[in-house]
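See structure below.
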Amino acid sequence: MSGGRAPVVLAEVREVRLPLLKPFVTGFGVTDSRRTVLVHLRDAEGNEGWGEGPALDHPYYLPDTTTSTFEGAVHFALPLALAAEDLLPGSVAAAMEPIKGNTFARAGVEEAFWALQAAAEGTTLRALLGGERDRVPVGESLSIAGTVEETLEEVALRLGEGYRRIKLKIRPGWDERPVAAVREAFGPDVMLQVDANAAYTLADVDALRRLDAYGLACIEQPLEWDALLEHAQLQAALETPVCLDETLRSLADVRRALDIGACRNVNLKPGRVGGLTASRQIAELCAERGVDLWCGGMMESGVGRAGNLALCSLPAFTQPADMSPASVLFAWDLVDPTFEVADDGTVSVPDAVGLGFPVRTDRVTAQTLRHTVVRG
Ligand code: OSB
Ligand code: MG
């Protein structure tokens, strides 16, 4: 590329309803509707870029919502990005830096510029990000079920399908019982971890210490989203590595958390940290510090999963990703064909140029709840 790229002639933001198959139950409550935000770009040469800002509909995971993400993308992230000097993804990320928070909005815009750049260069998102692997190991994140029997059935199904790791959502009253049952039924060798989505406090340290007996890969986000110091206190009291999700919203957050021992394991979601540029920096930091790193999920459509998948091809990712395919989460995907999990529990990183998956624009249009053209 010589000094930047062709001008962007179309830039639009869409709020899109995804066809969730069943409610997702976690420590923060029930998610039974899934609206997401898509960013769509086209340049003067006809190259396209799509990105997703996968905040949830509600503010019970983090402050960002689908609504705030749509507004943030339309009014701030996309206008700043379009004003970036050369429109390259790194410049776009830098141009959006004045925005505080609103990480999902920035990530959706940035992903669209990454995909556009890959399309313009005739290369893959993986190559553009500097990724190596062509297959990525994945695990499932299991909703809180009504009964232990239901949980065991779901675990049996996914292990049978080859998934490399099981993550159980927990909350006070639903923690040791399902964990003990899964260990009892499937043995000590299954990679097992739990995610509390901020449902505990330091007063629950005894209940959390009881989980030390089960050889868990990690306990994800036991305490409140902003409880950085408390997580350091908790980690000192636990043998199981604490993993942070909600608390880590930037490279600086990850550095602080590692510096004070608030976690020994990192869940990285590009949406939550403001995009793929920050994600790559976080990956580098984790590799430097020898900290286990894996890619989390936000129940993205295939548009967002495409970015996650390309990111996971970096060698810094040492543990399986939360990457259930659309066939587990949705009636259908916004990309077609989408990815599936192979018998060995891996997902193939696409070889196709640009985003890597063909977007079903007919479905996107049909599912659009609102739509703002920022340029075009
Ligand atoms: O805490 O990791 C989480 C989904 C939405 C919001 C938060 C979380 C999750 C998941 C789902 O666990 C993982 C996936 O996208 O497959
Ligand atoms: Mg989590």
Quick check, is Leu211 within 21 Å of Val328 (Cα to Cα), surrounded by 16 or more Cβ atoms within 10 Å (Cβ to Cβ), assigned by TED's automatic domain parsing to the domain that holds Leu244 and more than 23 Å from the chain's Cα centre (by Cα)? no
Only one of (1) away from ligand 1 (no atom under 16 Å from the Cβ); (2) part of a helix (DSSP H, G or I) does not apply to Trp50, and that is (2)
Say we look at segment 24-47 and pick out the residues that are loosely packed, with under 13 Cβ neighbours inside 10 Å and not aliphatic (A, V, I, L, M); which of these is nearest to Gly271 (Cα to Cα)? Asp32
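Residue-wise test of (1) among the polar types (S, T, N, Q); (2) more than 24 Å from Gly304 (Cβ to Cβ).
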{"position": "Asp195", "(1), (2)": "no, no"}
{"position": "Thr201", "(1), (2)": "yes, yes"}
{"position": "Val205", "(1), (2)": "no, yes"}
{"position": "Leu216", "(1), (2)": "no, yes"}
{"position": "Leu228", "(1), (2)": "no, yes"}
{"position": "Leu251", "(1), (2)": "no, no"}
{"position": "Pro270", "(1), (2)": "no, no"}
{"position": "Glu284", "(1), (2)": "no, no"}
For segment 235-250, indicate whether the set of residues that are away from ligand 1 (no atom under 16 Å from the Cβ), surrounded by fewer than 16 Cβ atoms within 10 Å (Cβ to Cβ) and closer than 24 Å to Glu149 by Cβ is non-empty. no
Tell me which residues, restricted to segment 320-372, are more than 16 Å from ligand 1 (Cβ to nearest atom), polar (S, T, N, Q) and either touching a helix residue (DSSP H, G or I) at 6+ places or on another chain (Cβ under 8 Å) or in contact (Cβ under 8 Å) with a residue 60 or more places away in the chain (or both). Ser348, Gln367, Thr368, Thr372
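Here is a yes/no grid of residues against (1) closer than 30 Å to Lys169 by Cβ; (2) free of Cβ contacts under 8 Å to residues at least 40 places away in the same chain; (3) outside any helix (DSSP H, G or I):
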{"residue": "Pro59", "(1), (2), (3)": "yes, yes, yes"}
{"residue": "Leu80", "(1), (2), (3)": "no, yes, no"}
{"residue": "Ala105", "(1), (2), (3)": "yes, no, no"}
{"residue": "Val138", "(1), (2), (3)": "yes, no, yes"}
Go through segment 7-32 and count every residue that is farther than 23 Å from His75 by Cα and either away from ligand 1 (no atom under 16 Å from the Cβ) or touching a helix residue (DSSP H, G or I) at 6+ places or on another chain (Cβ under 9 Å) (or both). 6
How many of the residues making up segment 12-45 are out of contact with any Pro (no Cβ under 9 Å at 6 or more places or on another chain) and assigned to a strand (DSSP E or B)? 18
Taking segment 155-169, which residues are buried (at least 16 other Cβ atoms within 10 Å of the Cβ) and either within 16 Å of ligand 2 (Cβ to nearest atom) or part of a helix (DSSP H, G or I) (or both)? Val155, Arg158, Leu159, Arg165, Ile166, Lys167, Leu168, Lys169
When (1) touching a Pro at 6+ places or on another chain (Cβ under 8 Å); (2) more than 20 Å from Asp259 (Cβ to Cβ); (3) in a helix (DSSP H, G or I) are applied to Ala217, the one that fails is (3)
Which of the numbered conditions does Pro54 fail, given that it passes all the others? Conditions: (1) within 16 Å of ligand 2 (Cβ to nearest atom); (2) over 18 Å from the mean Cα position of the chain (by Cα); (3) under 25 Å from Val353 (Cα atoms). (2)
For segment 61-78, how many residues are part of a loop (DSSP other than H, G, I, E, B) and not aromatic (Phe, Trp, Tyr)? 4
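Among the candidates Asp195, Asp189, Asp204, which residue alone is among the acidic types (Asp, Glu) and within 15 Å of ligand 2 (Cβ to nearest atom)? Walk me through how you get there before you give the answer.
On the way: Asp189 fails: within 15 Å of ligand 2 (Cβ to nearest atom); Asp204 fails: within 15 Å of ligand 2 (Cβ to nearest atom).
Matching residue, one of Asp195, Asp189, Asp204: Asp195.
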What pairs come up if the first residue lies in segment 212-223 and is away from ligand 1 (no atom under 13 Å from the Cβ), the second is of a type in the set (Phe, Trp, Tyr), and their beta carbons are under 7 Å apart, counting only those six or more places apart or on different chains? Leu223/Tyr200
Applying the selection to segment 88-103, what residues are surrounded by fewer than 24 Cβ atoms within 10 Å (Cβ to Cβ), in a loop (DSSP other than H, G, I, E, B), in contact with a Leu (Cβ under 8 Å, 6 or more places away or on another chain) and hydrophobic (A, V, I, L, M, F, W, C)? Ile99
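The values are calculated or read from the model by the stated rules, or taken from the named source; none is laboratory data. This one's a predicted model, so the numbers in the text were calculated from it and none came from an experiment. Neighbour counts are summed over all protein chains in view; Cβ atoms, including those assigned to glycine, are modelled from backbone coordinates with ideal geometry.
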